[in-house]
Amino acid sequence: WGYSTQAQSVNYSKFGKGLQFIAADSSFSLKFSTRFQFLYSGSQNEVTQEWEDRLQIRRARLKFDGFVYSPRLVYKIELGLSNSDIGSGLLRVHNQADNIILDAVAKWEMAPKLFLWVGQTKLPGNRERVISSQQLQFVDRSLLNANFNLDRDAGLQLRHEHQAGQVVLREIASISMGEGRNITVDNAGGYDYTARLEVLPLGHFTGGGDYFNSDLLREKTPKLSVAASFDYNHNTSKSRGQLGSFLSDNRSLRTIFIDGMFKYQGFSAMAEYADRKAPDGPVVAVSDTGTPTETFVTGTALNAQAGYLFKTNWEVAGRYTTVDFAEATQLLNQKQYTLALSRYVVGHSLKVQSDMSLIQTEQEHDAFQFRIQMELSL
Amino acid sequence: WGYSTQAQSVNYSKFGKGLQFIAADSSFSLKFSTRFQFLYSGSQNEVTQEWEDRLQIRRARLKFDGFVYSPRLVYKIELGLSNSDIGSGLLRVHNQADNIILDAVAKWEMAPKLFLWVGQTKLPGNRERVISSQQLQFVDRSLLNANFNLDRDAGLQLRHEHQAGQVVLREIASISMGEGRNITVDNAGGYDYTARLEVLPLGHFTGGGDYFNSDLLREKTPKLSVAASFDYNHNTSKSRGQLGSFLSDNRSLRTIFIDGMFKYQGFSAMAEYADRKAPDGPVVAVSDTGTPTETFVTGTALNAQAGYLFKTNWEVAGRYTTVDFAEATQLLNQKQYTLALSRYVVGHSLKVQSDMSLIQTEQEHDAFQFRIQMELSL
Amino acid sequence: WGYSTQAQSVNYSKFGKGLQFIAADSSFSLKFSTRFQFLYSGSQNEVTQEWEDRLQIRRARLKFDGFVYSPRLVYKIELGLSNSDIGSGLLRVHNQADNIILDAVAKWEMAPKLFLWVGQTKLPGNRERVISSQQLQFVDRSLLNANFNLDRDAGLQLRHEHQAGQVVLREIASISMGEGRNITVDNAGGYDYTARLEVLPLGHFTGGGDYFNSDLLREKTPKLSVAASFDYNHNTSKSRGQLGSFLSDNRSLRTIFIDGMFKYQGFSAMAEYADRKAPDGPVVAVSDTGTPTETFVTGTALNAQAGYLFKTNWEVAGRYTTVDFAEATQLLNQKQYTLALSRYVVGHSLKVQSDMSLIQTEQEHDAFQFRIQMELSL
């Protein structure tokens, strides 16, 4: 029932940093970590007015990373285990197999601060997506992300960072398959091209804080990052680019993101704007009555959120999201208001987060959702 | 071909206890283990009278457990790898993905000997089910378990243990989804409520022996555990509650288990009784001729088994199982007689077990089955 | 972005050898390794004349091996993670689950140099197949292997090695299910019987070099291995024995392999000949016009390849493969010419390989393929 103590090998790491090993001859290192989220979520059924809820292992992961040959050659392998993560829709393009691999990527520092990434990993899209699902301020990401994010893809990324005085600049360019992770057949349509520029006018965030939510490290001076991404997914066949369902025709998608993160003394704010267009029109098929039956998901979205972390490591945060789909798609616009209460026991490694949302969907009744989630991550 | 020795890092563990690590600052620990079973099974085809047999990796697992933050907060993640373990029937409720996650659970000792379990793990049902498949006395569990066990589920468990003189008492209560592991959609019907009481009148078993089969630690004084579980699965939609196939209508299931374990000087005995009822009737659909085409599996079952472990670590064991289904289900009652011969090389970590069974099914010819299985578990 | 150094536990291993641990009481050991391949492949579409290409994680694996109880009892578990590796075709015989388990096998040295293997692993078929996909000279294996290899299977193998002067002799016999890995239902048809004899007239290769491609260890004296395998797969139901699709009728397949490996001072050559027959005829079903609609894949194939490893660890290699199917199958014969250029940064553990192939298929236009792949293996 409990935990029985006995002699164990000491690992020079600490909770939240995984198990860490380095070869005696410094020829490679390996960090191993695992994590899971246990989620309760409930919402009111619009029609029956009944409360519908569920419990589930929302995410569970295995992570392996480190360097090989030289500290300038870093690898990362991350595996999904939960059914939510690995379902592939039984599609032929996935070899009718589960999508277990999230990341499998090598990162080579070709020259100081110039990195070539080779493999499958997240594209340099909106900040909220690139932040790990372990390190969010709310129970899960926003509707902006659900509709427009670039997700993971197989390809190459070139990443550069440099500093001008206090100002940090990062430039990222990538080319990738365009249909998302774990595609095993020929590339339908063309490739996806992404570029991103980040500016940190007030210098680096403490501990890489521009890429985790909540000001857990309580920045002593204000820190800001503003960034823009541009993505051109040439002839993709999935309704949301790297995500969504395969449609019967291809379209090129053009997506712009503008996002920013600000942190200061326990206060944190993140905002994102997304704009996706299909220059040849998003709709691929219509019914006899003219209603779209197959459409790419295009339009604009805005997400803004802010939170304050009390000295007790309780945090209160609020979020506002609005999604406006392109009129041709006839998808229903949504607004969402979310209030979160979180208790960080050990940062993002051991925490309990809850949030409640009011979701306003065009032409529908307002919906209310409540969620509470535990995160445990070595 | 063989094993080549070379300098290796020493791990303060031993075979059967996995690799064990503790962080230098005692902020977390991790035990890693893996195991597999290789099974030969053969049986006589009733119709052709031919011997039909097969070889397979019956089970293969990865296990991660330890504590985080404090020894009072324990986690466990267990993953299934073999096709027998992970097949999900390609159902939508499993996101059409494999059911890789067996356990993902956190166990918090809120007060001395009072534990809150949060996540997905085995429910406090019949003892035979809760005993690991690694630690059985026979090649696999009985027909009682196959028909009536509660299996794993996502939820909360409250567990308490206390002692009155020599007598150990354990009380367990749980609330869970009711449809078994790795459900990713809304909760069909209601929740499942389980309560269990265990009494150990002669004190603790050596090394937790009330939850592994065979008296491997040769109790010097007699040890006994008797227990009863009560389960109410409100409006479940699967034919055997957490298991079985989804039916077209829901039923509430009420299950009672009474079980016990006894061990003394190499002798061990385990017995279980199960009784499952569907107060609103088990049958959901019938054919034109009135034969049930969809039914919940209800009825009673008895399993009794005993074995003696010789000084040589050879064990002989016998088992008798009878299953009587509710008449309305028109399922065929079964009796099974099993004789097992096992050689424990290193306890339940390295062993070869064989058993042969006579299976008597109502209205059918008697069937004979022979199995032999190797278990290897770090 | 980069790799941040911090105190880490030292592991007495080196890059390419995985993490290695041994229990303080020498009761077990564990080596853990992981690897992935990132592949670009392109070929010219015969009809449209367009270049079609793709990027993918071709293979990703987790590997666990070591000894338990005694160094004479070795285990190995290897798991596939990439969609290419684990797709099972959603078949009932695989329990409609992914085929994650590649190897799960115990290897017991019963007497000096006499090994009993128990579990699921590669059969002792053609050398190219038994060589790990990590340790190839080309981006992937040849057409001979694609059509006629024995692959993995569940069963028993008896392996013996002895030496007569300088000459090393190995005899291997196996019995296995015959339908390949991760079958969970009864054995369709009969078992598969394989025998293999290997002769190394010039003694052992350095570092087991008869079972990896390329002369990475630059043999100082010539080394040669010649071998022959004989396989009889009794009443298999899959078109290529352990592989292929399930057909509506069974056939017994008889396969002969003759193969050899030669290495000397950076030069390496490998050749294989395969001959598969179905004594009762390969064709199982024909269309109205007499064209086979279901057939076992029988015929002969030859693969010959050679490469030279320069002092700089660049290698140039060439390969010629020809496949002649049995006339009754009406499958189209193929010839393939491949030229490879590889850069081994750290042997087979960190390398980039490229190859280009001319593929001549009977009655079709010639096809051209280009591939480049990175391998990273702890």
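Just for segment C:75-96: of the residues that are of a type in the set (Gly, Ala, Ser) and without any contact (Cβ under 8 Å) to a residue 40 or more places away in the chain, which one is farthest from the other protein chains (Cβ to nearest Cβ)? Spell out how you get there, then give the answer.
To start, the set of residues in segment C:75-96 that are of a type in the set (Gly, Ala, Ser) comprises C:80, C:82, C:84, C:87-89.
Next cut, without any contact (Cβ under 8 Å) to a residue 40 or more places away in the chain only: C:80, C:84, C:87.
Details: C:GLY80: 9, C:SER84: 5, C:GLY87: 4 Å.
Checked segment C:75-96; the qualifying residue farthest from the other protein chains (Cβ to nearest Cβ) is C:GLY80.
Could you grab me the full set of residues in segment A:320-356 that are under 30 Å from A:GLU294 (Cβ atoms) and aliphatic (A, V, I, L, M)?
Answer for segment A:320-356, where residues must be under 30 Å from A:GLU294 (Cβ atoms) and aliphatic (A, V, I, L, M): A:VAL323, A:ALA326, A:ALA328, A:LEU331, A:LEU332.
So is C:ASP65 more than 7 Å from every other protein chain (Cβ to nearest Cβ), outside any strand (DSSP E or B) and under 19 Å from the mean Cα position of the chain (by Cα) or not?
no
Among the residues of segment A:178-192, how many are more than 8 Å from chain C (Cβ to nearest Cβ) and in a loop (DSSP other than H, G, I, E, B)?
8
Checking the structure you have, find out if any residue of segment A:195-214 is part of a loop (DSSP other than H, G, I, E, B) and of a type in the set (Asp, Glu).
The first filter runs over segment A:195-214 and keeps only residues part of a loop (DSSP other than H, G, I, E, B), leaving A:201-205, A:212-214.
Adding the requirement that they be of a type in the set (Asp, Glu) leaves none.
Within segment A:195-214 (the criterion being part of a loop (DSSP other than H, G, I, E, B) and of a type in the set (Asp, Glu)), the answer is no, since none of the residues qualifies.
Between A:THR329, A:THR312, A:THR321, which is under 27 Å from A:GLY80 (Cβ atoms) and among the β-branched types (Val, Ile, Thr)?
A:THR321
Of all residues in segment C:26-45, how many are among the basic types (Lys, Arg) and farther than 16 Å from A:VAL105 by Cα?
1
Can you list residue pairs whose Cβ atoms sit under 6 Å apart, with the first residue in segment B:126-148 being in a loop (DSSP other than H, G, I, E, B) and the second being surrounded by fewer than 19 Cβ atoms within 10 Å (Cβ to Cβ)? Count only pairs 6 or more apart in sequence or on different chains.
B:ILE131/B:TYR211
A quick yes/no check of all residues on (1) within 13 Å of chain B (Cβ to nearest Cβ); (2) buried (at least 21 other Cβ atoms within 10 Å of the Cβ):
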position	(1), (2)
C:ARG127	no, yes
C:ALA146	no, no
C:LEU150	no, yes
C:GLY155	yes, yes
C:ALA173	no, no
C:SER176	yes, yes
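Go through segment B:322-351 residue by residue and tally those that are among the hydroxyl-bearing types (Ser, Thr, Tyr), surrounded by 22 or more Cβ atoms within 10 Å (Cβ to Cβ) and over 17 Å from B:ARG371 (Cα atoms).
1
Taking C:PHE368 and the conditions (1) in contact (Cβ under 8 Å) with a residue 40 or more places away in the chain; (2) more than 14 Å from chain A (Cβ to nearest Cβ); (3) within 20 Å of the chain's Cα centre (by Cα), which numbered condition does it fall short on, given that it satisfies the others?
Only one criterion is unmet by C:PHE368, namely (3).
Answer yes if at least one residue in segment B:198-215 is farther than 30 Å from A:LEU39 by Cα, in contact (Cβ under 8 Å) with a residue 60 or more places away in the chain and small (Gly, Ala, Ser), and no otherwise.
Taking every residue of segment B:198-215 in turn, at least one turns out to be farther than 30 Å from A:LEU39 by Cα, in contact (Cβ under 8 Å) with a residue 60 or more places away in the chain and small (Gly, Ala, Ser).
Which of the residues belonging to segment A:312-330 are in contact (Cβ under 8 Å) with a residue 12 or more places away in the chain, of a type outside the set (Asp, Glu) and more than 30 Å from A:THR298 (Cβ to Cβ)?
Matches in segment A:312-330: A:ASN313, A:TRP314, A:VAL316.
Kindly indicate the residue of segment A:105-121 that is aliphatic (A, V, I, L, M) and either more than 7 Å from chain C (Cβ to nearest Cβ) or in contact (Cβ under 8 Å) with a residue 40 or more places away in the chain (or both) and also surrounded by the fewest Cβ atoms within 10 Å (Cβ to Cβ) among those meeting that condition.
At the first step, the residues of segment A:105-121 found to be aliphatic (A, V, I, L, M) are A:105-106, A:110-111, A:114, A:116, A:118.
Among the residues that remain, those that are also either more than 7 Å from chain C (Cβ to nearest Cβ) or in contact (Cβ under 8 Å) with a residue 40 or more places away in the chain (or both) are: A:105, A:110-111, A:114, A:116.
Working: A:VAL105: 25, A:MET110: 12, A:ALA111: 10, A:LEU114: 15, A:LEU116: 15.
That would be A:ALA111.
Checking the conditions here, which among A:ALA164, A:ALA195 is away from chain C (no Cβ under 14 Å) and without any contact (Cβ under 8 Å) to a residue 24 or more places away in the chain?
A:ALA164
For A:TYR69, work out the one condition from (1) at pLDDT 95 or above; (2) within 22 Å of A:ASN149 (Cβ to Cβ) it doesn't fulfil.
The one condition A:TYR69 does not meet is (2).
Quick check on this structure: which one of B:GLU219, B:GLU198 is among the charged types (D, E, K, R), buried (at least 17 other Cβ atoms within 10 Å of the Cβ) and within 18 Å of the chain's Cα centre (by Cα)?
Numbers: B:GLU219 fails: within 18 Å of the chain's Cα centre (by Cα).
Exactly one of B:GLU219, B:GLU198 is among the charged types (D, E, K, R), buried (at least 17 other Cβ atoms within 10 Å of the Cβ) and within 18 Å of the chain's Cα centre (by Cα), namely B:GLU198.
Do we find that A:ARG127 is more than 29 Å from C:LYS14 (Cα to Cα), among the basic types (Lys, Arg) and touching an Asp or Glu at 6+ places or on another chain (Cβ under 9 Å) in this structure?
yes
Please note which strands (runs of 3 or more DSSP E) are completely contained in segment C:5-57 and include at least 2 residues that are of a type outside the set (A, V, I, L, M, F, W, C) and either within 28 Å of the chain's Cα centre (by Cα) or within 8 Å of chain B (Cβ to nearest Cβ) (or both).
Here the list reads C:9-11, C:29-44.
Quick check on my filter: what residues within segment C:234-253 are under 22 Å from C:ILE131 (Cα atoms) and part of a strand (DSSP E or B)?
C:ARG240, C:LEU243, C:GLY244
Buried (at least 18 other Cβ atoms within 10 Å of the Cβ), over 26 Å from C:LEU158 (Cα atoms) and more than 14 Å from chain B (Cβ to nearest Cβ): which single residue out of C:LEU247, C:LEU253 fits that description?
C:LEU247
The values are calculated or read from the model by the stated rules, or taken from the named source; none is laboratory data. Predicted, not measured: the structure shown is a model, and the values here were computed from it. Please note: Cβ atoms are built from the backbone with ideal geometry, for glycine as well, and neighbour counts cover all protein chains shown.
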